[in-house]
Each structure stands twice: as C-alpha cells, then as structure tokens.
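The values are calculated or read from the model by the stated rules, or taken from the named source; none is laboratory data. Owing to the predicted nature of the structure, the values given are computational and were not obtained by experimental measurement. Heads up, the Cβs are rebuilt from the backbone with ideal geometry, glycines too, and the neighbour counts pull from every protein chain shown.
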Amino acid sequence: MTVEWFRDPVNFITNWLNQFLLGWGLPAGVVAFLMNLIGAGLVATGAMLFCILLIWYERKLYGRIQDRLGPNRVGPWGIFQPFADMLKIFAKEYITPRGADVIPYNLAPILAVAAVLLIWAVIPFYNGAAGANLNTGALYIIAVGGLGELAIILAGIASNNKYALLGGFRAIALLLSYEVPMVLALLVPVLLARSMGMNDIVQAQGDVWYIVMAPIAAFIFFLTSVAEVGRAPFDIIEAESEIVAGFNIEYSGLKFGMFYVGEFLHAFTVSVLFAILFLGGWRGPFVDQVPVLGAVWLLVKTGVTYFLIILLRGSMPRYRTDQTMSLAWKILTPLALAVLVLTAILDKALVGSSDLVRGLALVGMNLVVWFIASRLSQASYRRSHPVEPPIGHAPVINPLVDEIGGVLE
Amino acid sequence: MNFLQVVFILTSAVTLGAAVMVVTSHRMIRAALWLVLALFGVAILFALLQAGFFAVVQVVVYIGAIAILVIFAVMLTRHAMQDEGAQVNRGWWAAVLVALGTFAGLAFLLLNWAGIGSSLGELSADEARKLIPQMGQALVSADAYVLPFEVASVLLLAALIGAIYIAREKNPQV
Amino acid sequence: MIPTSWYLFVAAALFCLGLYGVLARKNAIAILMGVELMLNAVNINLIVFWRYWGAKEVAGPAFVIIVLAAAAAEVAVGLALIISAYRRRHTIAADEIDALKG
Amino acid sequence: MTIETLLWLIPLPPLLAFALIILFTNRQRALSHTLAVLGAFLSWLAAMIVFLQAIRTEKLGEHPLTSVINWLPTGGTWFQIGVQVDPLSAVTLFFVAWTVLMIFIYSVGYHNFGQPEGDHDQKGLPPHGATVTDENGHPRKVPSIEPMYARFFAFISLFAFAMYLLVVSDNLLTLYVGWEIMGLCSYLLIGFWYAKKSARDAAMKAFVTTRIGDVFMLLGLAYLYTQTGTLNYHAIFNDPAVLQRLASSPTFLGLSVAGAAGLLLFIGTVGKSAQFPLHVWLPDAMEGPTPVSAMIHAATMVSAGVYLAIRIFPLISYGWQVGAPLPPAMSTMTFIGAFSALFAATIAVAQNDIKRVLAYSTISQLGYMIAALGVGAYGAAIFHLFTHAFFKALLFLGSGLVIHGMEHGILHTGEHIDPQDMLNMGGLRKRMPVTFLTFLAGGLSLSGFPLITAGFWSKDAILEGAFSSGHVIVFLVLALSALLTAFYTMRQITLAFLGQPRTNAAAQAVESRRTMVLPLVVLSVFAIGAGWVGIPQAFPGLGALSPNWFEEFVSGTLAFPLEVLPTFNWVSSETATLVSLGVSLVVSLGGLFLGWLVYRRQSSATTDPLQRSLGAVYIVLKNKYFVDEAYQAVFVRPSYWLAETFTSKWMDQGVIDGFLHALARGALGFGNFLRNFIDLPLWNRAFEWVASRVVPFGQSLRPLQSGKVQQYLVAGLLATLAFAALFYFVIRLAFPG
C-alpha cells in the first residue's frame, strides 16, 4: 500500500524500510524484530530528549510561580541549563556505599527509567502510529507501573541505609495505596470504550471526550497519577526537608540522574496518558485528512495537563503521610468504586439508547455522586473535627490514623 | 528449530534457572529478585502461548503485587534472616527425593500421554482476541463459572480482612 | 510450532522446584515463594491445555483467574501470619516454629 | 428502555429512598423528605407513562404489558416472577400513584417541617408544640416538628414500594410479598408513636387481626399452587381449561377446588380490607400519625384487599351465569360485603371522632365493592374502587387538616379538649375555607351526590348491578347503607364546618400551609371528575353523550377469553338503570337532607341529638355493637386463661414438671447404685490398668510429632507418591491395554 509521506510519515517510512530489508532477503521474522528494535529505540530516545526540554520548561515555570526568573544564564532564556546539569551529572563520581547489594543497587535506576519508557510502547501518537496496539493496553500500563515500584523498593533495600529503606517503605506504601483508585478510575474509560486498547479508547471518544462523560474518574485518575509520580502535594515520599530525600539518598552521579529523569519522564507520561484516556488523545480537526496532525493535538493536550501538574506542584502544600493515606483509602477509593459501579449499571441500563441520552445520564450521575460524596466527606470531617469540643467530652481522635498505622508498620 | 522455538528455549532456561536460584540462594532478597525474574519468564511463556492477557495479568498480579509483598515481608523480618549458615532444614534430602519422585512420576505420565507428539499451532489474531470477551462472559454467566468466581472474590475479601487483623499491632487502645 | 510436551515438561520442572523449595527451605518466606512457583506451573499447564484443545473451551483461562485470586489471598494471609509469628517469636524459620511438638 | 423495563423499575425508587434514609440520611430532615418525595415522584412518573401506554394499547386484557424472569428453581422447572399491567393493574396503578404522591407531599407539611423543636417532645410521642417569642417579644405556642421525622418518611417509602410491588406483580406470590410488607408497614406506622399505650395496642391489634386473614390466604396460595403448579395470573385465571378443572373437581362441603381456594384467598381480603368479622383493627388504626398513615391504611392498603378479590374473581365465579343461584363462595362474598356495608354504616352514624367515622365509612364502602363482586358486577366493583380511593383519600387528608387546625387552636387557647371530636368543632368553614370546599367535594362524592360527583356514578353502577343481578335483598341493603352513608357524611360536614364554633379552639382554628392544602385540591379534582369516564350507556340523556370508557377498558381485565366470566349484560335494561338511578337519587339526597336537618342546630359540645331519639340503639352503635368486647370475652380472655392457668400452672408446673422430677429422682437413685457397686470397684481399676500401659506407648511415639510442618509434608507426599504409583500399576496390570 502507498501512503503519502506528509500524511502519515511513520507508516510511510516503516513500509519503505520493510521493503528495503526484505529486498536484502532477510527472513520476515528477523525483519519484524529489527523494525520493533528500531522503533523502540527511536521512541525511547525521543522521549528522553523531550524530557530534557521539559526540565527546562518546568524549572522556568516553577520559577515564575515562585516569583523568580528561573534558569536564565545558559543560552537564550537559559534554555541550555538542563544540558549543563547533564554534563555535571555525567561528570560526577559514582559512589557505591559499603555493604550495598551491588546488582539490585545498579538495577534500580535502570528499572526506574525503563518502567516509564515501557509505557510508551502502547501510546498511539496518532491514528495508526503506536508501538504496539495491544488489546490489553490499559492493563499493560498498570503492569509496567508495578515495575516502577520494584525499582524503588530495590533502591531502598540495596543501598544498605536505614533512611533509604524507610523512604522505600514510605514510597511503596503510598504507591500501592494510590494504585487502587487509579486502576478503578482507569477502568471507567475502558468500560465506556468497551476495549482496553489505547487506540480503541481514543477512537471511542469520537464525538465527546471522556472527561465530560466521566469527570470524577478523570479527576481521580489525575490525582492518583500525580501521586504515582510522587510530585507535590504527594511528594512526602522524597521530601527533602522531612526525610532525607527518601529511597534515592545513596545514589549519585548518573544513577541519581536516572531517577531524576525517570520522575520527570513519568510526570510527562502520565499527562500523555491522561490526554489519551480523557481528552480524546490525537483527536482534533483535520486528523482524518492528515493523520499526523494528531500528534500535534496530542502534544497540545499533554502540555495543558503537564502545566496543571506543575501548577499543582507549585501551589500546593505537602500532605502528611497519614493524610495521603486517608485521602486514598477513605475518599478516593470508595468514590472510584462508586463511580465505576454506577457507570457500569447506567451503561448497561441505557444500552440501545442514543449517545446523547447516555452522555447526559452519565454526566448527571457524576454530578449526583459528586454532590453526595462532598456532603458525606464534609459530614465526616465535621464529626472528626468538632468546632469547639464541649466541656467534659474527650477530644475526638481520627480513627483512621492509627488504623492505617496499624496496617502499614 | 525456528525463531519462536529459540525464544522458548531461552525463556524456559532462564525461568528454570531463576527458579533454582529462588530455592537455593542464601540471601532472601536475592531469592525474591530471582523469583521476580522467574515470574517474568512465566509471563513470557504465556505470551508465547498467545495468551497475552495472562502475560500482562501475570505481571500485574505476581510482580506488581505478590513479589512486592514478599520483598516487603523480607524487609520487615530482616533481623531474623539467618542469611549465613544452612538455608535448608535437616530433612532436605527427603525433599529432594520427593521432588525428583514427583518429577519422575509426572514425566512418566507425560510420556505415556496420547497427545505427547502434538504441537501447538498458531492462533489467528481474532481467535486470540476472542479470549478476553469469552472469558469475561464465562466468568459471570450463571451456567458457567459465576459461582467459583464469586467464591474466589469472597475468599479474597476474607483474606484481606484476615491479613489486616492478623498483622496489625495489638495496641491496647484499639 | 512449539511441541506441547516442551511446555508441559517445563511446567513439571517448575512445579518440582517449587515443591523442593516448600519442603526443604528453612525460611517461611522462602516456602511461600516455592508455593508461588508451583502455582505458576499449574497456570502454565492450564493455559497449555486450553491451547491444546483448540482454544475453544474457556475453562482453563477461567481457572487461571481463580488460581490468581487464590494465590493473592494465600500470599496476603501467609505473609501476615509470618509477620505476626515474627513479632511473637522473633524467628521465621519454619523448623523453629514447632509449638505443636509432642 | 422498553415499557416493560420501566414496569420493573416502578417500585424501586421508594425502596431506594427507604434504604438511603434508614442507613444514611436519618439525621438530615430536609434531605430525608427530599429523597422520599423524589422517590415517590419518580414512581409516579413511571406509573403515568405506563398508564398512558396501557390505555393506548388495543385489547390490553388479551395482551397485557408483561415481562417475566426465572426466579426460583423448583425441581426441573423454574418458578417465574414477573411484572404485568392489564387494565385492572393500570387503573389501580393510576390511583395508587396519585394518592401516594399526594400523601408524601402532604406529610411534609403534616409533620410540621420547618417548625422549631418541641419544648418537651420525645421520640414515640406526638409533638407537643414549642414556645417561641414572636416579633414583639411575647412567648407563643406553635406546633413543633415531629421528633422522628426521617423515620416516618422511611416507613411510608417502604410502604409505597410494597404497594407498587403488589400492583405490578403478575403472580400471587409477589403480590403476597408486597401484601405482607404492607402489613409490616401498617404495624410500624400505626405504632409510630410507640410511647402511647393505645398506639401500641392498636398496632398489635391490626397486626394480629390481619395476620389471621393472611394465614388463610397463605393456605389458599399453597393450595392453589399444589393444584395448578403455578401462581401466575395469566396461567390460572385466563385459562378456561385450568379453571374448568378446578371448578369441576369437588372438595368438602360441596365446594369446588376453585371455590375453596377462592374462599381461602378471600379471607385474606377480609382481613386486609377490614370486612366483618375482621374489621376491628381499622378504626383503631386511626391511632397512627393522623391522617397520613390512617389514609394509607384506609385509602390505599385496604384497596389491596379488594384488588385481590377482583383478581381471583374468575376463580370464584367460573361457570356461574347470571340468574343462576350463586355458588357458595360468591354468596359468602355477597353476604359479608353487604353485611359489612350496612353494619359499618350504622356504627359510623354514632361516632364522634372525625377519623373513626371515615374509618367505618371505609369499611362500609369496601363492603359495597365486595358485595358487588359477590353478585358478579365486577366492573362496578373496580369502578367504585377507583373513585373511592380518590374521595376517601381526600376526606382523610381533609380531616387531617381539620385536626391540624384544631390542634393549632388548642395550642393557642390552651383548652384540654380532643381535637378530633366533631362535637368540639363547628363553624370551621369560615376559618378554613379551602379545607371546607375540598372536604365538601369529597363528602358529596362519598354520599353519591347526583350527577356531578364521582361517587354517584360508581355507587349507581353497583346498585344497578345488584338490582339487575336479581338479588333484591342485597339491593335493598346496599341502598339502605347508601342512605346512612349520606346521612353520616352530612352529619360530619354539618358538625365540623357549618353552624357556629362550639369551642374557642374551633374559633381559633386556622388553615394549614400550602403543601398540605395543595394535595387536597388535586385530589378533589379527581373526586369530582373521576366518575365521568364510567357513565352507563343506558343512562337517560348523559349516557348517550359518551361511551362507557371505563367499562370498555376494564371488561376483559380479569379473564381472556371473556366467556370465562359471567356474561353480565352491562347495557342493562332501562328499568334497572332507572330504578337504581331513582333509588340512588333518593337515598343520597334524602340522607344528606336528613343529616343537615338533624344537626344544623347542634350547639352543645357534649351530647348528640340522636342519643335522645335512638336511645338504647345509640348506645349499641356508639360501642360498635360491642364487637371488641365480644372478642375480648370470647377470644382474648380465654386464651390468656389457657396460657396462664391451664398451660403454665397445671400442665407445665403440675403434670410435666412433676413427672420429670419423679423421673429425675429415680434416675439419681439408680445412678448412685451403679456408681457405688459397679463403677468404682470394677471399671475404674480396669481402665487405670489400661491407661498405665498406654502412657509408655505414647511416650515411644512422641518423636514422630516433631511439630515441623515440612516433615509432615514430606511424609504425606511420599505416601501419596507411593500410593499413586501403586494404583497406577495395579490398574495397568488389572486392565492391560
């Protein structure tokens, strides 16, 4: 088949390269293998390079939020600042602490980056341009998320340092807790799109984005993915001021750099995921004529989401551990469960009715759930924080704190 | 000996090797990491069997949850790890005996099995895709496996509560 | 075209390794790991036979799901038990936890 | 979403509201009643949609809207439950939906929502009123809010759920489920103010009395199920073959199977819609938070009884033709219905409690319907059921307003009088005009004021049916009770509204707020207009204007093919129409006039003019023919005596205990003998010897139990392997190849 290069460059080049290699007489399996290899390499490298730009963007924006200029010395608007940092990091010495478990210790940073990069395999950049259009894409993303946790816990264990270990525990506790509502929220688009394939989910958001049909799920997914990244306000897991920077305390040089890059990349990746799951991915004007435009739309939406994340980081104070826990278990998880179940029921009940009815019903349901949830949470807050405790009454203690503590320590 | 077979042989070799390390390595942390590797190998085997869904689920459940839990437990109990000294109890030779016996028995049965010579063909793409919807239907349809499914879910819930209850500190004011 | 028997033998070997781990290891956690290996071997078999009968009947996959659930439950409870045992007796060596000794 | 799906959904919203209120929102009052009213509204909406769909459907009787699912596996088959709307259900659905919604709205106001907490209110007692200081600083008594506000809404939501369930269900079992839930609700609601002894007793009484009926009904269900193997309406009532078999197979007392089952079920009706002799609970049920729960019982729940009776009509009447002598079941119905109608009407004449009068009139009206069924005029019965629900609901709500107004007046004046006693009222029409008008509409409709009211048409239809069925006595009895009905209705209106106030409280009574008045207005529209859909063809003048929609619609409700039913020639002879018309004109107008005549000059707040004129009869009526006392003497006391004296004292303590004691002493002696002469000397030694030998043996086995799990595992698995191999080879050798 022939594809004009300006419409769909990726497939164009792919096809061409395919013909070329087969022309050499290589067996088909090997060719496919090679193609995947090249594709993976390109995507990974591109993502990493883009991440460098992101670091600059974020630092600049973060500076503005804090009423600073941000990096402004190296190059125009300090755009080369990240490169300078990279050089510095490259040049630094690798320290491997005494008694460290060498293999896991070195494995951890690699995993940390790899786990994030693996997600990019299923991201549809535009219609038909995805590393692998798995029919279990959503599940795959969750699975890969598990690897990230593995990396963190390895770092915590291997570097033979009790602060690193505690940091690791703290991080894992948080990540595991926030995975639950995240998965539940992720299931809502899957449910609506009747498919776990990323591209199918984007396809399904033809006329209306899921952020309209499932706002609560979008909200939860956004929050939890920020927590998964470990950004403020959930950055208690590596809070420099409270605990000495958590699990990666013993790392230096490029290994630390990889954790750092991993975090940024992860932040970027979750915004891509959010854009795909709830903002209609590559959908936008003229994508049917010129598919490659989809990549641009996706980039724009991602930028908006990422901007939100930075805004959150710049403007929110840090949660205590018990607060993060009670948020995850007492509010987000039940809410996500309720929304998931109600969505399923509603979707089943309205089978066969027009999309408009379906959408309106879903929106209404979300609003009702939101109203009830806010009422309940306010009520429980008032119960646990009496305005002035009447004389002769014991002060009300929040039961959840020691409960969670009991579970986790 | 085609491409897939090579992949299979490599994978299974890695898996079994990792399994051996799991049951023999001295440091529990290492054992746990080897376990992760072995589980990965199994996931790849699933992929080779064109059960991609299970490959992913394997990673989610075993590596994402179980392995992490195990490592957690290892860390929590690290004071009690006698990493040096014998990792096996006195009756280990009996264990070897039993394991080998079991393997011999299984191998014997396999070799006498009718379908021993068969080999698995390729599933077409849509056949492979059919798995998830089929299974989803089967798991919740009353004339299939809804009962086992529900029982399993109840079991999970009970296990959850039980685990929390057992593992929590019995502090006086609770 | 991979022969069925290969898968089955690998599964059998994995099972027996896990069995050995369960029977021989001192450390309770290691025993749990052995159990995990055995369960995985079982899952492999289930999937293999699902394929062997032409991937029509979904009994195999369905039971893989059940086994996964059971495994998760088992690990949760097992580790909880180990931890509470560790709290009480400060050991997790299976052969030192013998309160039932006659 | 198809109409059938909607059908399934009708009962659910109130149930959800009930659950939510009970579980979560029982602290927030506003949220609670919002939920309840919302639930009722949703059900109302769905019911209306279904109703419109139903009346647009051609030949609904033959093809009712229905949908069925498997419920219980019974051996090889499934017990199916489902929903169904045929004309009867549609009509019932219509008035149930309206009345229920109206009650819900009304009770918001009735329980003084928005009023302050009472000074010394406590749960389980009606609110006593609160003291507030008005704008210029004077303390004032105002009504206070019901202490158990949310709970009340939870209960009536559950009630609404049960009623809807009963109406839409397509088989007797789910009907019975709804039936019983309603029984529970009425118990809860009558005993809502559980701190009042009278309320407690009334609740108990209602529960037990209706339970008697329900037990027989359950028997009937079981019997029917054993005979037919199904409880589905369509499968039983609409299948001539089944009915034929049931009706032709005889049982005891010359009853056919159909007749016996029908009678058993009908006893359930007697209990639920308070027919003689099980009527005693209904008047006492007025102890509940008036009038809302009262009207639930009177206007809605009791209709369920008649609904059931109409349902099972084909069963009872199969094979009977007009003019033929009534089969036993039908004659029983006729007798009980007619008797209750007259009986209750006479009692109502002598009651002073505004709600009791209505309660008795309810009994008598239901008696009307039953009697109509008994003589085969089922169409008229349905029609009266329909209209009666509206105007009776209207009357109850109106009486509630009156009571509310009186209570307000009492709070104001601080008199100690009964706000429900009509003799204390009078002249309320000036104080509460809207209430007066709506109550008037309801009252006229109840007494069958000619032409303009709904009650007239339905009652006329019944009389006409009775007449043209040729049972003159029935006809006369019904006519007489119609006269009485008109009389006591007018008595009520005159005493309450006309004339001059007889107490200061009455002079101070005020109109209630809008949420309570609005439902009355709505209902009064129906109370007037609901009759015009059923004007008989042969009616002089008007009959020609409009076809008898109602008849067309409901005929063929119960059974298809129609020949199952007694062919009742509806467009009956001119004479029947005219006679019944004349009679009903006379009785209603005459009764009204009499009532006005007797009570127009009523001035004393204590005595009733009838006391003088009737004398001893009045005493009897006043005490409801001493039925309660009779039951007390005949059933209650003996059972107490049986329990306390006979069973407890004589049987238990005397006979049984004595026997046991004797036995125990004997056994004790025997045991001592064994112990001293056999056990100690012989056995003990023997076993001590054995034990002393066992101990070292156990010692030698001890090491085996090492407490090491893994060793056990190894041993077990080794054994397993060995056995597996053994079996394998044994089988191989036993069956080679």
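Structure values in brief
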| item | result |
| --- | --- |
| Residues satisfying the stated conditions in the stretch D:450-492, i.e. surrounded by 24 or more Cβ atoms within 10 Å (Cβ to Cβ) and not in a helix (DSSP H, G or I) | D:453 |
| Segments classed as helices (runs of 4 or more DSSP H), wholly inside the stretch D:1-115, with at least 1 members that are surrounded by fewer than 16 Cβ atoms within 10 Å (Cβ to Cβ) | D:3-9, D:12-20, D:29-56 |
| Answer residue from the stretch B:138-152, given it is surrounded by fewer than 13 Cβ atoms within 10 Å (Cβ to Cβ) and in a helix (DSSP H, G or I) and is nearest to the chain's Cα centre (by Cα) among those | B:150 |
| Residue in the stretch B:30-37 that is away from chain A (no Cβ under 13 Å) and either in contact (Cβ under 8 Å) with a residue 40 or more places away in the chain or part of a helix (DSSP H, G or I) (or both) present | no |
| Test: residue in the stretch A:293-316 that is farther than 30 Å from residue A:70 by Cα and surrounded by 17 or more Cβ atoms within 10 Å (Cβ to Cβ) | yes |
| Members of the stretch D:585-603 that are within 28 Å of residue D:504 (Cβ to Cβ), in contact (Cβ under 8 Å) with a residue 40 or more places away in the chain and part of a helix (DSSP H, G or I) | D:595, D:596, D:598, D:599 |
| Helices (runs of 4 or more DSSP H) wholly inside the stretch D:225-275 containing at least 1 residues that are within 22 Å of residue D:303 (Cβ to Cβ) | D:233-237, D:257-272 |
| Matching option when the condition is surrounded by 15 or more Cβ atoms within 10 Å (Cβ to Cβ) and modelled with pLDDT under 90, among A:326, A:353 | A:326 |
| When residues of the stretch B:52-74 are limited to those that are facing chain A (nearest Cβ under 7 Å) and in contact (Cβ under 8 Å) with a residue 40 or more places away in the chain, the one surrounded by the fewest Cβ atoms within 10 Å (Cβ to Cβ) | B:52 |
| The stretch D:429-440, subset touching a Gly at 6+ places or on another chain (Cβ under 7 Å) and assigned to a helix (DSSP H, G or I), residue nearest to residue D:603 (Cα to Cα) | D:431 |
| For residue D:340: the one exception among (1) surrounded by fewer than 24 Cβ atoms within 10 Å (Cβ to Cβ); (2) under 19 Å from the mean Cα position of the chain (by Cα) | (1) |
| Residue B:68 more than 18 Å from residue C:14 (Cα to Cα), in a helix (DSSP H, G or I) and not assigned by TED's automatic domain parsing to the domain that holds residue B:16 | no |
| Residue that is buried (at least 23 other Cβ atoms within 10 Å of the Cβ), out of contact with any Ser or Thr (no Cβ under 6 Å at 6 or more places or on another chain) and not acidic (Asp, Glu), where the choices are B:49, B:39 | B:39 |
| Candidate set: the stretch A:244-303, residues that are part of a helix (DSSP H, G or I) and among the charged types (D, E, K, R); chosen: the one nearest to residue A:190 (Cα to Cα) | A:301 |
| Scope the stretch C:48-101; condition charged (D, E, K, R), away from chain D (no Cβ under 14 Å) and under 20 Å from residue C:34 (Cβ atoms); matching residues | C:74 |
| Any hit, the stretch C:22-45, residues being charged (D, E, K, R), touching a helix residue (DSSP H, G or I) at 6+ places or on another chain (Cβ under 6 Å) and within 12 Å of chain D (Cβ to nearest Cβ) | yes |
| Residue count for the stretch B:85-130, restricted to those that are assigned to a helix (DSSP H, G or I), in contact with a strand residue (DSSP E or B) (Cβ under 9 Å, 6 or more places away or on another chain) and at the interface with chain C (Cβ under 7 Å from one of its Cβ atoms) | 3 |
| Boolean, residue A:142 is facing another protein chain (nearest Cβ under 10 Å), surrounded by fewer than 24 Cβ atoms within 10 Å (Cβ to Cβ) and not charged (D, E, K, R) | yes |
| Subset of the stretch D:653-706 [within 14 Å of another protein chain (Cβ to nearest Cβ) and either exposed (fewer than 10 other Cβ atoms within 10 Å of the Cβ) or in a helix (DSSP H, G or I) (or both)] | D:695, D:697, D:698, D:699, D:700, D:701, D:702, D:703, D:704 |
| Residue, nearest to the chain's Cα centre (by Cα), within the stretch A:83-107, restricted to residues that are within 14 Å of chain B (Cβ to nearest Cβ) and on the phi < 0 side of the Ramachandran plot | A:107 |
| Qualifying positions in the stretch B:52-78 - in contact with a Ser or Thr (Cβ under 6 Å, 6 or more places away or on another chain) and of a type in the set (Val, Ile, Thr) | B:56 |
| Test set (1) more than 8 Å from chain C (Cβ to nearest Cβ); (2) at pLDDT 85 or above - residue B:142 fails condition number | (2) |
| The lone exception for residue D:156 - which of (1) in contact with a helix residue (DSSP H, G or I) (Cβ under 7 Å, 6 or more places away or on another chain); (2) closer than 20 Å to residue D:412 by Cβ it fails | (2) |
